[in-house]
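Heads up, the thing below is written out as structure tokens.
What follows draws every value from the coordinates through simple rules; no lab data is involved. The structure displayed is predicted, hence computed values, not measured ones. Every residue, glycine among them, receives a Cβ derived from its backbone with ideal geometry; neighbour counts consider all protein chains shown.
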Amino acid sequence: MRCRGDPRRVRAPRAPGVVGVVRYNSSGHGLAVVAAMSVPAGRSARVGSVARATALLDALAREPQGAGVGALARTIGVEASTASRLLATLEDAGLVRRTGRGPYRLGLRLLALADAVSAGLEVRDAAAPVLRDLVAATGETATLSVPAADGPVTVDFVSGPGDVVTRARLGRPSVPHATAVGKVLLALDRGRALPAGPLNRYTEHTIVDAGTLADELAAVRRRGWAQASGERDRDLNAIAAPVFARDGSLAAIVGVQGPAGRLTRTRMRELGEPLLEAAHAVTLALGGEAPSPARAVAGRRSAGLRDVRGICSIPCVERKDIA
């Protein structure tokens, strides 16, 4: 027998794709749908406590002065004790806040989460035309990655015209010590520590000595861009350069990658200049500024950029010139 006030999640009968929280009476008959939320077609609510927690956040978003446990419990259709436990968990995570025994309000951590989402969308929009121009200029695949805890994560890429199968994958994290984008992260991301413990070897070219890696990162900071020659994948070479945010922090990383037989060490050095121009174009589009000494490196390349959305100064390279 269902107890009075027992909230159960059911699919609302007249609203396909909507899940509601229904309060039952002691005889098991539903009294009312007291809260509802949309669920994508073909999916069901899998974790009720998570759904109730998000319902609490939605309820607080409609209460700028905050709300107490009882009012929130009634809004989402659960017992006060359940709401209290959910709110305590959300408070521990910084998603809600409370002063003393006052009302609950949305937490400040939501600002950081929203800023992260906004930054990710902003940098992709800013970089999209630059990636296309970079592919036209280099003939290779251009990538965009953003910093993450375990390493840079690819959020966008444009395949080169000669690549039948690209190695770039959206959402794929890069190994920090064995990839060009990873070296940019280690060299220029504020507060980023070197990988702890032994460095994994992926090929015979992988840097596995901490001292050698430190020297490599120092070279990245001096040069302004990083390179990797068959260090993660034996037949794949790449170069990468940083994109900076308004506060000078690392916002993203622009990369160029291609087969080792075509994107040779000599070719990578030749493409260093257009790569830096591309990264600087995205930095300018974001309103960012490179910190010193990277500012001096980037500044030498800004004069030729006639449009911060593109890389107008980069001459296109015909496929026959790439070997």
Problem - For D125, D150, order by how many other beta-carbon atoms lie within 10 Å, fewest first - result: D150, D125
Practice task
Can you pull the one-decimal nm distance between simple spin-label points at R132 and H205, each 7 Å off the Cα toward Cβ?
Solution key: 3.1 nm
Problem - Paramagnetic label zone (point 7 Å from Cα along Cα-to-C-beta, T99; backbone N under 15 Å) in the stretch 45-64 - result: 64
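Order by neighbour count: S81, S145, fewest other Cβ atoms within 10 Å first, most last.
Working: S81 10, S145 29.
So the ranking, lowest neighbour count to highest, is S81, S145.
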Completion exercise
The extension gain from R109 to T264, computed as 0.36 nm times the residue separation minus the Cα-Cα distance, is 51.3 nm
